[in-house]
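Report on the following structure.
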Amino acid sequence: MSLTLTDITLTYPDGDSRLTALDNVSLDVPGGSLTAVVGPSGSGKSSLLAVAATLITPDSGTVRIDGTDTAGMSRRQLAELRREKIGIVFQQPNLLASLTAAEQLQVMTQIRGKSPRSARDRAHELLDVVGLAREADRRPHQLSGGQRQRVNIARALMNDPTVLLVDEPTSALDHERGAAVIALIAELTRSNNTATVLVTHDRSQLTTFDQITEVHDGRLTVVSATAAA
């Protein structure tokens, strides 16, 4: 299991010219490791996640998910790849107000055609893993911010992804709850052998990560790579 970006360049139209969001970026994230992406707003972090998630096709370069080159895949094939191989944790949980914590997760596997019973069993298993077994029947308004983010994380794991992409999961949490969420993601990354990339502004948690990268003006630098050393 791994995520590999090689020589990624991504540009956007900007009047009569083009704005470079990612400039020849390469990144290797082995399975079971946690990579942080830091950098100022507008530096290219969100673009990096979008390319890694196959939501945006770069101008050049290759994206490999678990060794599979995504170049040349159709939109349908990419959608299937995301369903089977990629978990995404958005900055805001975006939970459906009418659904319980367990139902938020069950929807993910039912979309893939799995039986309601197996989806229910998997949802309860994951909620137990993230410490929310007793909250399975609660709706979002009955959960704290940290609990909602844990549901968000569990939902992203419903398809047993090879790659987990996490966007600012602690931005709405206090330091203690934020640290608990990062620790949980690190634990799940190692236990599931997932290749995890996490965008964060919280530099106080960086000792948890195996690899720390920094993005400035679309260029990525590996600051520390203890796991790869």
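Checked against (1) modelled with pLDDT of 90 or more; (2) surrounded by 16 or more Cβ atoms within 10 Å (Cβ to Cβ); (3) in contact with an Asp or Glu (Cβ under 9 Å, 6 or more places away or on another chain); (4) more than 23 Å from ARG82 (Cβ to Cβ), LEU132 passes all but condition (3). Do we find that ALA156 is surrounded by fewer than 19 Cβ atoms within 10 Å (Cβ to Cβ), touching a Gly at 6+ places or on another chain (Cβ under 7 Å) and within 21 Å of ASN94 (Cα to Cα) in this structure? Criteria not met by ALA156. Being in contact (Cβ under 8 Å) with a residue 60 or more places away in the chain, under 30 Å from ARG120 (Cβ atoms), among the acidic types (Asp, Glu) and not in a strand (DSSP E or B) holds for only one residue in GLU103, GLU84, GLU80, and it is GLU84. Just need a number here: residues in the stretch 24-42 that are under 21 Å from the mean Cα position of the chain (by Cα) and surrounded by fewer than 16 Cβ atoms within 10 Å (Cβ to Cβ). Going through the stretch 24-42 one residue at a time, the tally reaches 4. Every listed requirement among (1) at pLDDT 90 or above; (2) touching a Pro at 6+ places or on another chain (Cβ under 9 Å); (3) farther than 23 Å from THR109 by Cα; (4) assigned to a helix (DSSP H, G or I) is met by ALA186 save one, (2). Evaluating LEU198 against the criteria (1) surrounded by fewer than 23 Cβ atoms within 10 Å (Cβ to Cβ); (2) in contact with a helix residue (DSSP H, G or I) (Cβ under 8 Å, 6 or more places away or on another chain) leaves one unmet condition, (1).
Reported count of residues in the stretch 12-23, each being surrounded by 11 or more Cβ atoms within 10 Å (Cβ to Cβ) and over 19 Å from SER41 (Cβ atoms), is 1.
Residues in the stretch 189-204 that are outside any loop (DSSP other than H, G, I, E, B) and more than 22 Å from PRO161 (Cβ to Cβ): ARG203, SER204.
For the stretch 205-229, taking the residues that are outside any strand (DSSP E or B) and free of Cβ contacts under 8 Å to residues at least 24 places away in the same chain, the one that is nearest to ILE88 (Cα to Cα) is identified as THR207. Residue count for the stretch 32-74 under the criterion of being out of contact with any Asp or Glu (no Cβ under 8 Å at 6 or more places or on another chain) and in a loop (DSSP other than H, G, I, E, B): the result is 18.
The values are calculated or read from the model by the stated rules, or taken from the named source; none is laboratory data. Nothing here was measured: the structure is a model prediction, and the numbers come from that model. Backbone-built Cβ (ideal geometry, glycine too); neighbour counts: all protein chains shown.
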